[in-house]
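Read through the structure below, which is laid out as structure tokens, and then see the notes.
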Amino acid sequence: MVINIVPGLFVGIKGADIDYDAVAYRTSVILMEDPGSPSDPGWEYLESSDKSDIERFGLSLSSESPAILSEKKVTGFFNQGNFEFTDGDYRDLAIFGEIDYNFNISLKVTDGPVYYAGSPVPGTGYGYMRRLGLIRNTPSAEIDCGEYNTSTVDVNTTSVNTGISFLFDYDEIINAEIPVEYRINPLSESAAFDIMNFSSSLNISDVSSVKLTKVRYYKDGSLVPLNYDRFENDTYLFSVDGVNYTMGSDLSADDIDLLNSDNISYLMFPPTPFSSQADSELKVVMNITYEFSGNSHDHSYISGDFVYGYGYDYVAEPYLTPVVLEVAIW
Amino acid sequence: MVIPNDEAQLLTIEGLVAGLIMLTTAFFIVGTASVYTPADVHISDMQTEQLGFDALRVMSVPYSYGDESELEEIVSEIDLGGVNETTATLQFRESFSELISSGTGATTIVDSFNFSSSIYYVDSKEVLNKSLLYNAENYARRPSVSTGRYVLSEWDGSDSIVRFEVILWRE
């Protein structure tokens, strides 16, 4: 009997050829040309606690734009966002196959950051694929106050209540004629305004006080009722010189002194308010009060209405930058 | 019938059964094993072709909305001839080489590619082609792959679709 069994022992052993290059190619295609799953809204917008809902990775912006990657997907995929992916997650959702492959996935943005996932690549014996594509940069508005210290009142005026406002005309922004890679999409990406060089652009000898009293939302011209003096950090982030504030109450005790503040930044997380109503307009208004001390000449101050949209030199519209992706499997 | 002193017989049976169990275990363990070996690597041509295709795609997508893509601009400049053609050809060679030799730093890139390109266009129902200046010439002696892309650009004084082809090989 033993003599019968022993030869049968080795019959079951099977050799399997693994084409590492093919696995690397498959992974590169999944990452470069596919938006992943779920894709609308994309996996990158899931809460980190819902990580298990991701069925497949994919870095492309949409299925209509292969090889054009989403910045948010890239940072999320390489653990620079709110997710913490393990090697096992990358194997299950990007590499696939029954075998626990070792891998290294890296992506470099031209003149920008490099991202890595996986183990360091060995000297030889790995499957390899290199892909070229483009990454879409998220739009933002940057107001350099040096160019906007142009409003004036006459010499006898002692104070001015004014403001800086940003207008979202969703009908104009969400323009389906513009291809998705160049379109501003407030439904699914953050909108940021950075007001720079504020106090250094003022005639400081002339201005005795500048206070930002409050920030308010107006929809189609009327004030939106909200609890403005509460932190709502999943919808906006408002900071002056790096310190976070609420949008402010109506009390003067909450006023923010801007006399020595250079950077005012307002970041709205997607979806921005009312962006799902395509014909609505949202205005974000920062109320600012100036008091003047000098009385030798007319007073100038910073204020203005800024439109968040296409064709304004202070809006960095979505633009593309070349990237290179390398996948090594062994 | 009673056999006296039969303990040895019991021990023998026990020993045989134990042996069988061990053999069966070994049979199942060894029998389900697979040995993985790397297969032949023969898709380097495909890698080169994909890289060339990717590079042409990157060059034919405008970086901002409403802009001309780099390849579109190069094609229309080549059509103008003279100094414009020389400058545009050199620009193409520089941009394309830079793209196909770029890496992330995770692996060592062997930058031994060379390439030769031409533009195919239709003139009076005839398909003609124009070789670019400064083309490397020895592709016939190397395994080479061809990749191409249609470009809508100014050609022969009107908006035309031309095919921009690149033959790529490793020196």
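The values are calculated or read from the model by the stated rules, or taken from the named source; none is laboratory data. On a predicted model such as this, the values are computed, not experimentally measured, just so you know. Cβ: placed from backbone, ideal geometry, glycine included. Neighbour counts: every protein chain shown. In case anyone asks, the SASA skips ligands and DNA or RNA and just uses the protein heavy atoms, side chains included. Shrake-Rupley method; radii C 1.70, N 1.55, O 1.52, S 1.80 Å.
Think of segment B:43-170 as having a plus end and a minus end, set by charges on the Cβ of Lys, Arg, Asp and Glu; of B:Val83, B:Gly103, B:Leu71, B:Gly103 sits farthest toward the positive end of this dipole. In the complete set of protein chains, residue-level accessible area for A:Leu59 is approximately 0 Å², probe 1.4 angstrom.
Normalising the average separation of contacting C-alpha pairs (under 8 angstrom, six or more residues apart) by the number of residues puts the relative contact order of segment B:43-170 at 28 percent. Bridging of A:Lys214 to lysines at a Cα separation below 19 Å is possible for A:Lys283, once same-chain residues fewer than 8 apart are set aside. Could you please state, rounded to a whole Å, how far the C-alpha centre of segment B:114-171 is from the C-alpha centre of segment A:117-176? First find each Cα centre; the distance between them is then 39 Å.
Across chain A, the relative contact order, built from alpha-carbon pairs under 8 Å that are at least six residues apart, equals 27 percent. Close amide H partners of A:Tyr319, meaning residues 5 or more places away or on another chain with modelled amide H under 5 Å apart, are A:Asn137. Summing Cβ point charges (Lys, Arg +1; Asp, Glu -1) relative to the Cα centre of segment B:43-170 gives a dipole of roughly 640 debye. Computed with every protein chain present, the accessible area of A:Glu71 is close to 60 Å² [probe 1.4 Å].
Here segment B:51-87 and segment A:292-325 have alpha carbon centers that stand 32 Å from each other.
Taking the longest Cα principal axis of chain B as reference, the axis of helix B:82-100 is set at about 10 degrees. Here segment A:46-126 is treated as a Stokes sphere of Kirkwood radius computed over C-alpha pairs; at 4 °C and 1.567 mPa s its diffusion coefficient rounds to 93 µm²/s.
Of all beta bridges that DSSP places with both ends in chain B, some 100 percent have antiparallel geometry.
Computed from the alpha carbon atoms alone, the convex hull of the protein assembly as shown holds 293 Å³ per residue. Adding -39500 (n - 2.57) for every DSSP H run of four residues or longer, then dividing by how many residues chain A holds, sets the calculated 222 nm ellipticity at -3000 deg cm²/dmol. To make sure I understand the rule: partners must be lysines, Cα under 20 Å from the Cα of A:Lys73, and not fewer than 8 residues away in the same chain. Which ones qualify? List returned: A:Lys51, A:Lys108. Think of chain A as a dipole: +1 on every Lys or Arg Cβ, -1 on every Asp or Glu Cβ, centred on the Cα centre; then among A:Val323, A:Ala24, A:Ser280, A:Ala24 lies furthest on the positive end. Net charge dipole, the protein assembly as shown: roughly 1420 debye, given to the nearest 20, about the Cα centre with Cβ charges of +1 for Lys and Arg and -1 for Asp and Glu. Of B:Tyr134, B:Tyr120, the order by accessible heavy-atom surface (1.4 Å probe, DNA, RNA and ligands excluded), from most exposed downward, is B:Tyr134, B:Tyr120. How many percent of the alpha carbon pairs in chain B exceed a separation of 19 Å? Tail of P(r) above 19 Å: 68 percent of Cα pairs. Calculated mean residue ellipticity, 222 nm, chain B: -14000 deg cm²/dmol, from DSSP H runs (n ≥ 4) at -39500 (n - 2.57) each, averaged per residue and rounded to 500. For helix A:20-33, report the angle its Cα long axis makes with the longest principal axis of the Cα atoms of chain A; keep it between 0 and 90° and round to the nearest 10°. For helix A:20-33, the angle is close to 30 degrees.
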